[in-house]
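This report refers to the structure that appears directly beneath it.
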Amino acid sequence: GIQVEQSPPDLILQEGANSTLRCNFSDSVNNLQWFHQNPWGQLINLFYIPSGTKQNGRLSATTVATERYSLLYISSSQTTDSGVYFCAVPSNRDDKIIFGKGTRLHILP
Amino acid sequence: DGGITQSPKYLFRKEGQNVTLSCEQNLNHDAMYWYRQDPGQGLRLIYYSQIVNDFQKGDIAEGYSVSREKKESFPLTVTSAQKNPTAFYLCASSIDGTLNEKLFFGSGTQLSVL
């Protein structure tokens, strides 16, 4: 089945820094989603981005479907950006959504 | 406000006991999902339902059961057969089960064993 790999696994940054998180997937997909899990466990859907680029405030995402990767950009990081970022794609075998293992982001004040 | 409500937020299970986690949504979504998350790990699919009165096993269904008698509700029972139930449980929903719609999550239930 499709494999989803996220990098880096952990990232520690000072407040105000920019960051890029990567999601690679092993097969063609119809869509890709990015999620942020805050320290209390709540998962928020950040982007639904099959291809191209979308922006939402300080966050933007780009998916290059032909090259099987997506990038999540966070600019001017704030401590509230801390948490785990997951990407997820539909399985190519069954009715499931496959999640990567996540990137844990720590923003230091 | 529309959303997904999970309850309780924290739950404790005694040895040999079955416990039920509640998940209710008022988004009028057809598809609902249960995921398990262990510390520092990703999400693993337990069960999913694409329509009322129908559900399918996910990757780690052993020791769990579900029902989907109403569109809004998808309760998960952790049975005594689940020997390692301590985890964070997340319920999710999407408009349909085509996998081409956004996935939305509840706030989760932390289950621990006494």
Problem - HN-Hα J in Hz across the range A:27-32 - Karplus 6.51, -1.76, 1.60, θ = phi - 60°, x for Gly and Pro - result: 8, 5, 9, 8, 7, 8
Exercise for the section: Taking GluC sites (Glu not before Pro) as candidate sites, keep only those in a DSSP loop with at most 11 other Cβ atoms within 10 Å, then name the longest stretch of chain B containing none of them. Expected result: B:16-61
Completion exercise
Hull volume per residue for chain B, using the convex hull of the C-alpha atoms, in Å³ is 97 Å³
Completion exercise
re the protein assembly as shown: pairs of Cα atoms spaced beyond 21 Å account for a percent value of 55 percent
Practice task
Calculate the spin-label point distance for A:ARG93 paired with A:LEU13, positioning each point 7 Å from the Cα along the beta-carbon direction, and give it in nanometres.
Solution key: 3.5 nm
Fill in the blank from the handout: Residue span A:THR53 to A:ASP27: 0.36 nm per residue of separation minus Cα-Cα distance leaves a gain in nm of 7.4 nm
Practice task
Just tell me how shielded A:88-100 is by partners: mean number of partner chain Cβ atoms within 10 Å of each residue's Cβ, no decimals.
Solution key: 4
Practice task
Could you tell me which chymotrypsin sites (Phe, Trp or Tyr not before Pro) in the range A:1-79 are loop residues by DSSP with no more than 12 other beta carbons within 10 angstrom of their beta carbon?
Solution key: A:TRP40
Problem - Chain lengthening between B:ALA61 and B:LYS102 when straightened (0.36 nm per residue, less Cα-Cα) - result: 12.4 nm
Fill in the blank from the handout: To the nearest Å², the heavy-atom accessible area per residue of the range A:1-43 with 1.4 Å probe amounts to 51 Å²
Completion exercise
In debye to the nearest 20, the charge dipole size for the range B:5-72, taken about the Cα centre with +1 at each Lys and Arg Cβ and -1 at each Asp and Glu Cβ, equals 160 debye
Problem - Hull-based mean projected area of the range B:30-72, where the convex hull spans the alpha carbons, in square nanometres - result: 3.2 nm²
Exercise for the section: Let me see the pair-distance distribution of the range A:42-95: every alpha carbon pair, 5 Å bin width, integer percents in order. Expected result: 4, 16, 26, 24, 17, 8, 4, 1
Practice task
Among the trypsin sites (Lys or Arg not before Pro) in the range B:42-114, which ones are in a DSSP loop with at most 11 other Cβ atoms within 10 Å of the Cβ? Mind listing them?
Solution key: B:LYS83
Practice task
For the protein assembly as shown, give the percent of accessible area contributed by carbon and sulfur heavy atoms, probe 1.4 Å, rounded to a whole number.
Solution key: 48 percent
Handout entry: B:ASN18-A:GLN42 FRET efficiency (beta carbon distance; Förster radius 30 Å; 0.05 resolution)
Key = 0.65
Practice task
Let me see the pair-distance distribution of chain A: every alpha carbon pair, 5 Å bin width, integer percents in order.
Solution key: 2, 13, 24, 25, 19, 10, 4, 1, 0
Handout entry: Listed residues B:ASP38, B:ASP59 arranged by accessible area, highest first, probe 1.4 Å
Key = B:ASP59, B:ASP38
Completion exercise
Largest-first ranking of A:THR66, B:THR20, A:THR103 by accessible area, probe 1.4 Å, whole protein assembly kept, is A:THR66, B:THR20, A:THR103
Problem - Between B and A, accessible area buried - total, square angstrom, nearest 100, 1.4 angstrom probe - result: 1800 Å²
Fill in the blank from the handout: So A:GLU67 and A:GLU5, fully extended at 0.36 nm per residue minus their Cα-Cα distance, gain in nm 20.9 nm
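The values are calculated or read from the model by the stated rules, or taken from the named source; none is laboratory data. The shown structure was predicted, so the numbers you read here are calculated from the model rather than taken from an experiment. Every residue, glycine as well, gets a Cβ built from its backbone with ideal geometry; the counts of neighbours run over all protein chains shown. Ligands, DNA and RNA are stripped out before the accessible areas are found, and what is left, the full protein with its side chains, is counted by its heavy atoms. Shrake-Rupley method; radii C 1.70, N 1.55, O 1.52, S 1.80 Å.
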